[in-house]
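S.K.: One structure coming up, written as C-alpha cells, with questions to follow.
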Amino acid sequence: MGSQENSRRTFVLKINLHGCYCQGCVDKVKKLVKKIQGVDSIKIEEEGKATISGNVDPHTVIKELKKDKKISAELWGEEEEEEESPVPQVNEQEMQISVRKTFDQRKVAPQFPDVIVRPSDKRMAKRIHDCYPKHDHELELRSYNKPFKCDGCMEEGFKTRYRCEPCNYDLHEECMYPKPTITHDLFQGSTFVFHHEPAGNKICDACGRKIHGYSYHCKADRLDLHPRCSNLRGRLGIGDTEFVLCKKAKKNCFWCKKKQPSWLVKNDVQGLCYVSKCNKFYCHVYCVSQMVHEAWGRGDLDRKDDDNDVDDVTSMALEKVDLKLMAKSGGGGGRSGFLKTISMFLRAIIGILFGDPTVVLLTMLVELIPRS
C-alpha cells in the first residue's frame, strides 16, 4: 500500500443542525463536505452522525463546516485508521450502554427557540409542510415587513409567508400548497404539472426569468411557469381601465422601451405583456419584476429591522415609477387620472408576483377581480 493509501482514514463527526435533520439540510452538509479536498465519501445517519472517509484531517472538515453559522460539528468518539487499525472490541455491557444512549437521544424532541407572535399574527394558523424531499417541522403563517426568499421556488417575496423559524425556512403560499395540475387562460389547451425541481435549464414563459426551484411544466407544449406567475390574471379591471394579458407586445414597453426585453435569456421566450384596452400602455411582466429586483439590489427593500416599514419603501419606489411615467407622457392634467391608474396597476402586479407590498393593495385586490 502507498503512503497516500496508508493516510486514508475514517472518522465520525457529530453534526449539529440546530434540531433540523430534514433531507434538505442533510444534503447541504454532504455537498459542503464533498467539496473539501481529500474527502472520498460521507454517510449521514439519523441525528447527525456523519461517517467520513478520505485523506483529510477531521479538524479541517469541522473548520469548514463551522463557516456556515447554521452548522456545528465535533468528533464523535475516536477516529480510526482504515485498514490499519484493528476493529475495537466492544463488550456486551458497553454495547448495551451505547444502544441505550442512542435510543434515549432519539426520544428527546428537538427544542426550538420561542417565536414572538405579534397581535396581528394571532389569527394565523400553523401548518405541517412536507418540503422537498422532507421537512417535518411546523411552518407558521407569518407576516413581516422585511422581504424574504422562498425556499421552494427560490424567488423573492414580501410580507406573508409560511415560516419555520429554527430552520430559517420560508415558503410562498403557492409553494406551501401547490396544485398537482393547473391551466392558464393564456395557454389554452395546456396542462401544467407541478415539479419540485426544474427539468433542465428552464425559463418562465410568463416573466422570462430563469426557474431555480418549484415550477409548473407542460411537457406537451414545452411551457414553464413560476408558481407566482401562474396567478397572473388574464384581465385586470382598475377603475374604468382594463388591462389585458397578451403573449407579445405590439408596441414598446413603457419601462424598457422595447417590444421584447433585450436581456431575456432565451430568444424563443417572448415574455407576457399587459396592454391597456386603450392601447396606450404596454408593460412586460418581466419589467415589473425587474423594477423590484433593482430596488432590491440598491438595498431599498433589504430592511432587517421589522420596525422599519417596507411598505413605505415600496410606495416610494412606486412614486418614482409615477414620475418616470409622467416624464414619458409629457405631463398634462388630463393624464393625471391615467397615471394614477397605472400606479395602481403596478401595485397589483407587484402584489401578485411578490406578495402584498402596500397596505393599499389589501383593499384594492377586491376591485381587480374580472367582472363577468
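The values are calculated or read from the model by the stated rules, or taken from the named source; none is laboratory data. Quick caveat, the model's predicted, so the values are computed rather than measured. Here the Cβ is made from the backbone with ideal geometry for all residues, glycine too, and neighbour counts use every protein chain on show.
S.K.: Which pairs have Cβ atoms under 7 Å, sit 6 or more apart or on different chains, and link a residue in region 173-200 that is of a type in the set (A, V, I, L, M) to one that is assigned to a strand (DSSP E or B) and surrounded by 17 or more Cβ atoms within 10 Å (Cβ to Cβ)?
M.R.: Met176/Leu139; Met176/Tyr162; Ile182/Phe192; Ile182/Tyr216; Leu186/Leu245; Val193/Tyr216; Val193/His217; Ala199/His217
S.K.: Could you figure out which of (1) part of a loop (DSSP other than H, G, I, E, B); (2) free of Cβ contacts under 8 Å to residues at least 24 places away in the same chain isn't true of Asp170?
M.R.: Checking Asp170 against (1) part of a loop (DSSP other than H, G, I, E, B); (2) free of Cβ contacts under 8 Å to residues at least 24 places away in the same chain, the one that fails is (1).
S.K.: If we scan region 180-192, do we find a residue that is at pLDDT 90 or above, closer than 21 Å to Gly355 by Cβ and surrounded by fewer than 21 Cβ atoms within 10 Å (Cβ to Cβ)?
M.R.: Scanning region 180-192 turns up at least one residue that is at pLDDT 90 or above, closer than 21 Å to Gly355 by Cβ and surrounded by fewer than 21 Cβ atoms within 10 Å (Cβ to Cβ).
S.K.: So for region 205-225 (the condition being crowded, with 21+ Cβ neighbours inside 10 Å and on the phi > 0 side of the Ramachandran plot), does at least one residue qualify?
M.R.: Within region 205-225, one or more residues are crowded, with 21+ Cβ neighbours inside 10 Å and on the phi > 0 side of the Ramachandran plot.
S.K.: Find all pairs meeting these conditions: Cβ atoms under 6 angstrom apart; at least six residues apart or on different chains; first residue within region 224-243 and assigned by the TED database to the domain that holds Tyr282 and basic (Lys, Arg); second residue in a strand (DSSP E or B) and surrounded by 21 or more Cβ atoms within 10 Å (Cβ to Cβ).
M.R.: none
S.K.: Give the residue that is farthest from Glu64 (Cα to Cα), with candidates limited to residues of region 15-43 that are modelled with pLDDT of 85 or more and among the basic types (Lys, Arg).
M.R.: For region 15-43, the residue satisfying everything is Lys43.
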